[in-house]
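What follows is calculated from the coordinates using simple rules that are stated; it is not laboratory data. Everything quoted here is computed from the prediction, not taken from an experiment. We place every Cβ from the backbone using ideal geometry, glycine too, and count neighbours over all the protein chains shown.
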Amino acid sequence: MEDVKIITLNIEAITDDLDNELLGKTFKSIVSELRKQDILVDDCRVELLLSKINAKEVKKNTTEIDWDRLRAYFNKVFKKSARIISDDAKKKFRQRLKDGYTKDDIQKVIDNCSNDNHHKDNDYKYVTFDFLSRPAIFERYASMEHKKPISNKGHNNH
């Protein structure tokens, strides 16, 4: 009969602190390594905790916005030099994600707004993060067919 190694993991500490990203990654790494070494870790509580950690990671990836990247894209498309995104605009963008929109929709809103003749004619003077994050404005541009911004050379800007 083959030797079976069994290890007991104290998962209560991890369960109590699911928001601790480092703790979750460490736990996943330990379980993965133990399984590679044929150590039995198939406790149903371990599996439940792993699924909770994975669900939290998926949620984070779909609801967390890289504000620096968003600001850089906004500046590139509208040829602006915005330095900050207000807390109010950030809150509104997060709310749009909670409403069911995606991060791709945020890009779509920026792209479609950049093709709006009214805003083009005004050199995007009124286009701000606060403006784009408003529910009615966001909905208007998100519901349009996605039109990538066009540079002066006639090709896609990115």
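Quick notes on this one:
- Relative exposure of I30, I84, judged by other C-beta atoms within 10 Å (fewest first): I84, I30
- Cα gyration tensor category, rounded, prolate or oblate, for the stretch 67-142 with a/c compared to 1.5: oblate
- Violating pairs (Cα-Cα greater than 26 angstrom) within the set K25/K108; K80/K148; K28/K90; K25/K91; K98/K125: K25/K108; K28/K90; K25/K91; K98/K125
- Exposure proxy ranking, count of Cβ atoms within 10 Å, fewest first, for E64, E139: E64, E139
- Per-residue Cβ neighbour rank within 10 angstrom, fewest leading, K76, K36, K103: K36, K76, K103
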